[in-house]
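Contents: one structure, followed by commentary.
The values are calculated or read from the model by the stated rules, or taken from the named source; none is laboratory data. Just so it is clear, the model here is predicted, and its values are computed rather than measured. Here the Cβ positions follow ideal geometry from the backbone for every residue, glycine too, while neighbour counts run over all protein chains shown. These accessible areas exclude ligands, DNA and RNA; they are computed on the full protein's heavy atoms, side chains included. Shrake-Rupley method; radii C 1.70, N 1.55, O 1.52, S 1.80 Å.
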Amino acid sequence: MSDWIPVKQARMAESVGPNCEIRGWVRTRRDSKGGFSFLEINDGSSLGNVQVVAPGELSNYASEVQKLTVGCSVVVRGELQSSPAKGQATELHANEIRVLGWADPEHYPLQKKRHSFEKLREWAHLRTRTNTLGAVMRVRDQISQSIHQFFHENGFFYVNTPIITASDCEGAGEMFRVTTLDLERLAKSGGPVNFSFDFFDKPTFLTVSGQLEAETYATSLGRVYTFGPTFRAENSNTSRHLAEFWMVEPEASFFDLSDNMQLAEKFLKQVFGDVLEHCGEDMEFFDLRIEKGKIDQIRGVIDKPFQHMTYTDAIKVLETCGESFDYQIQWGSDLQAEHERFLTEKHVGGPLILTDYPSTIKPFYMRVSDDGKTVAAMDVLVPGVGEIIGGSQREERLDVLQRRMAEQSLSDDDYWWYTDLRKYGTVPHAGFGLGLERAVQYVTGMANIRDVIPFPRTPGSAEF
């Protein structure tokens with residue numbers, strides 16, 4: 001690897017010195033009447049650019065430098081000096097500029113300074129060259145790194161759960177089928193599907209969650225987490241839904257609901273704190289350009305202790321608060337985002353964990369409480385979005401688990417391996433799930449979840 005430095009480093013005063021080389025893409029070019037040009041170069045390592053002073057004495061000044069346009073890629077060598085200009089610590093005085101790739105200004109789509117985020121989705125392969133999408137992906141990277149670091153520091157093992165599965169963790173049935181069968185031939189035959197001819201000899205799908213498989217490892221390794229892609233065949237075009245998204249799902253043996261809540265609170269505080277510490281420039285950009293007050297909102301989650309409230313108490317608050325809601329409030333119904341946001345933003349003014357939800361609205365694997373009506377579930381709510389984490393203590397009692405499965409019409413034969421965990425050394429255990437994109441969307445303030453994942457998969461959209 002040759003001796004060149006990223007733009008992020010070149011912008012620091014301590015990097016000043018001779019024989020500096022940077023590589024990146026041209027953001028702007030201004031020609032001076034004094035016979036030199038100013039170039040703004042960015043390589044994606046930071047929000048800000050390095051200003052390059054290109055003198056007219058360069059051998060390719062007239063033939064190439066003065067023809068550079070937005071999007072051209074270059075290698076620049078020269079002396080990095082302290083900058084007299086306001087707002088920048090350094091500038092690179094070039095003694096060599098080499099053009100690696102040209103970008104035709106007539107066809108390069110990012111010539112205009114501003115495009116709508118919706119328009120930029122048409123150029124998903126180029127949109128991270130914009131300030132906003134570049135900042136989003138740097139924050140996404142930091143959150144991902146922090147997730148791994150947090151669990152490593154807290155004694156969790158990283159396990160990879162299968163993407164192809166025969167079980168539906170959530171019981172919703174909104175799954176993408178995986179098959180090698182000839183669908184056109186099947187359609188013409190009109191007969192029933194014979195899965196003995198399929199690759200896996202049974203119906204298989206893309207996973208909606210790695211939780212159930214992670215539980216198998218938690219009951220031998222103690223503490224594990226899975227972090228990978230999950231899929232939901234939900235025909236939704238809202239700003240909060242994707243067909244393909246990334247989930248982090250810790251599972252811990254010998255944890256009860258209280259342990260789970262403590263883990264979730266500690267987890268969010270560390271991840272959000274890391275973003276503010278390591279992505280300060282990007283976060284200031286989001287606070288200024290995308291959602292004012294975002295940094296203070298995140299600091300509130302970091303600094304304030306999470307309040308706790310049962311679902312039943314939350315229903316009472318919502319019924320008596322005098323607020324007008326679009327969705328009806330009654331015990332036994334799922335809370336909507338408007339209800340969650342009222343509770344966290346107006347009622348407690350900070351992060352809130354709701355617990356003990358009705359068993360009728362939660363999956364079979366959540367531990368049934370002593371009242372027989374609720375389960376040891378938790379949802380972590382934060383101002384701005386409502387729910388950001390969902391989790392529970394898992395049902396470790398075989399007889400209760402089998403009863404719950406029967407109530408939800410789930411076959412013992414399909415989950416024999418899952419019930420086995422309750423037959424051989426069963427233990428209390430708990431876990432939760434955090435959608436990576438939901439977390440990135442919350443931290444950055446981006447309005448649409450399609451703008452916080454590199455290549456969004458939504459109904460009718462899987463081009464590249």
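The set of residues from the stretch 142-186 being open to solvent by 80 Å² or more (accessible area, probe 1.4 Å) and farther than 30 Å from Arg404 by Cα comprises Gln145, Gln149, His152, Glu153, Thr180, Asp182, Leu183, Glu184, Arg185. Got a number for residues in the stretch 331-350 being open to solvent by less than 90 Å² (accessible area, probe 1.4 Å) and assigned to a loop (DSSP other than H, G, I, E, B)? Final tally of qualifying residues: 8. Criterion applied to Arg129, Arg138, Arg114 was being open to solvent by 30 Å² or more (accessible area, probe 1.4 Å) and within 29 Å of Pro250 (Cα to Cα), and the one residue passing it is Arg138. On inspection, Leu268 qualifies as within 24 Å of Thr355 (Cα to Cα), aliphatic (A, V, I, L, M) and either out of contact with any Leu (no Cβ under 7 Å at 6 or more places or on another chain) or open to solvent by 40 Å² or more (accessible area, probe 1.4 Å) (or both). Listed by first and then second residue, the pairs with beta-carbon distance under 8 Å, at least 6 apart or on different chains, first residue in the stretch 1-27 and touching a residue at least 12 places away in the same chain (Cβ under 8 Å) and among the acidic types (Asp, Glu), second surrounded by 11 or more Cβ atoms within 10 Å (Cβ to Cβ) and assigned to a strand (DSSP E or B), are Asp3/Glu21; Glu21/Val75; Glu21/Val76; Glu21/Arg77.
Within the stretch 223-272, the residues that satisfy the criterion of being in a strand (DSSP E or B) and closer than 25 Å to Asp451 by Cβ are Phe227, Gly228, Pro229, Thr230, Phe231, Glu244, Phe245, Trp246, Met247, Val248, Glu249.
Identification of helices (runs of 4 or more DSSP H) wholly contained in the stretch 81-199 with 1 or more residues that are at pLDDT 95 or above and farther than 24 Å from Val452 by Cα yields 131-153. Take the residues in the stretch 71-87 that are exposed (fewer than 15 other Cβ atoms within 10 Å of the Cβ) and not charged (D, E, K, R); name whichever of them is nearest to Glu21 (Cα to Cα). Looking at residues that are exposed (fewer than 15 other Cβ atoms within 10 Å of the Cβ) and not charged (D, E, K, R), I get Ser82. Look at the stretch 96-107: where a residue is among the polar types (S, T, N, Q), no partner that is at pLDDT below 95 and open to solvent by less than 80 Å² (accessible area, probe 1.4 Å) sits 6+ places away or on another chain with Cβ atoms under 7 Å.
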